[in-house]
Amino acid sequence: MIFNTITFAALFATAVSGLAVTPTGNADTLAKAILGSSPGIKLVSASYAGSPDSAGTYTDGPQGIRNAAVLTSGDAVDTVGSGTNVDISKSKGTAGSALCSSLAGGATSYDAAVLTMNVELLSGFTGFFTEFIFASEEYPEWVGSQFNDVMGIYVDGKQIAFDSENAPITINGPFFKSDKVLVPPASGSNFDGSTPILKSGHVAPTGAHKIEIAICDIADRLRDSSVFVTLGACTGECKEGTTVSPCAGKGGDSDGDGICDDVDNCPNHPNPDQNPAACGGLHGTGISGTGIKGTGTGGYPIVTTPPKYGNTTVIGHATITPPCVTLTSMVTKTITTCTQKTICHPTVTVEPVTYTSTISLTVTTPCSTYTVSTVIVLFGFSHIT
């Protein structure tokens, strides 16, 4: 089953000036970069066919695509830049690929870059999920011609990479004939025409699988094309948004700070630096006042039922033992929190923002009423790009 979406926000993206490419023909290096930290895939072996200059790892990818690997029919470093009036065209003198020719109606392919990964999909996962960007120097002059450069991603021989019209990725496909094509600098890379980030999922059983990623020139060796590509394991129907986080099986990531709950020093409060001081909102002085005194470490007060005469009631992390006191009102709270979740990216700096709220508690005894309060410091996060 195949699902794909297009990231329309990328139509308004600006160039990622920090894009850096490190050329390498090392198959293991390329495969590990593409798979990233996905917990559901075990890399068994990898091989690469093509010029060593035609592939590489990258950081600060176009349009915010995560760090991974790029394959080209020319030189990988030529993807860096904000556009040029000169054709980017490197003849590598390497063979084509049947994977590419099959996408181009059997046409002859040249200068192929093909990465093959033998992987194991682990238990608890239901398939593969990929994000990729295809860009080409064939656009716009050669759209509709015989010079139909292509790329494909194959799982066990099945092609899973499609554009927003559910068509394979080719220069003559519907995408490059549409008005959605990105050009530099909005595309974030150097080639004349580009897709936004495209996303596809593929349901597969657990066990051994063969994944092939291929890109080629078609009909000649001129005017290069490229693909930035990532791949990981997924769950459910492998639609967008179901990609498993690195904290699967580790208690999750309740506060969204990128630290798994099993090792997070305060798992319910964002604290990516694991600074003990950032948990300060959890370690107050308790609740105190005449006739009632709290001990413990403070925190979010929670009262489900009022305490009865002489009972001990736990409020968050504070223990309240009222001496012959009847609590007639529930704890009220006014809390301002920052609920924004920031996707980790090398160009984003996360800084803590402190929010303060007051917790009030009204207690009634046979002779008087007490109002006691405490200040609890909560931590939210904002991002500065």
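The stretch between Ala219 and Ala167, if pulled fully straight at 0.36 nm per residue, gains 16.7 nm over its current Cα-Cα span.
Taking 0.36 nm per residue of separation and subtracting the Cα-Cα distance, full extension of the segment from Val183 to Ser37 would add 49.5 nm.
Couplings 3J(HN,Hα) for region 149-155, derived from phi with the Karplus relation 6.51 cos²θ - 1.76 cosθ + 1.60 (θ = phi - 60°), are 4, 9, 8, x, 10, 10, 10 Hz, where x marks Gly and Pro. Taking 0.36 nm per residue of separation and subtracting the Cα-Cα distance, full extension of the segment from Gln274 to Val44 would add 79.4 nm.
Summing Cβ point charges (Lys, Arg +1; Asp, Glu -1) relative to the Cα centre of region 2-234 gives a dipole of roughly 600 debye. Size descriptors for region 48-101 (Cα atoms only): Rg and Dmax, in that order, 12.5, 32 Å.
When Thr126, Thr59, Thr72 are arranged by Cβ crowding within 10 Å, least crowded first, meaning fewest neighbours, the order is Thr59, Thr126, Thr72.
On the beta carbon distance between Gln146 and Val263, with R0 = 45 Å, the FRET formula returns roughly 0.20.
Spin-label pair Ser91-Glu120: with each label point 7 Å from Cα along the Cα-Cβ axis, the two points sit 4.6 nm from one another. By other beta-carbon atoms within 10 Å, ranking His269, His202 with the fewest at the front produces His269, His202.
For region 2-234, the convex hull spanned by the alpha carbon atoms encloses 99 Å³ per residue. Note on Ser123, Ser226, Ser54: ascending count of other Cβ atoms within 10 Å places them as Ser123, Ser54, Ser226, the fewest first.
Going down the list Lys158/Lys199; Lys32/Lys210; Lys92/Lys158; Lys180/Lys239; Lys42/Lys210, which pairs span over 18 Å between their C-alpha atoms? Exceeds cut-off: Lys92/Lys158; Lys180/Lys239.
Readers should treat all values here as calculations from the given coordinates under stated rules, not as data from a laboratory. Small disclaimer: the values here were computed from a predicted structure and weren't measured. Cβ atoms come from the backbone with ideal geometry, glycine included; neighbour counts cover every protein chain shown.
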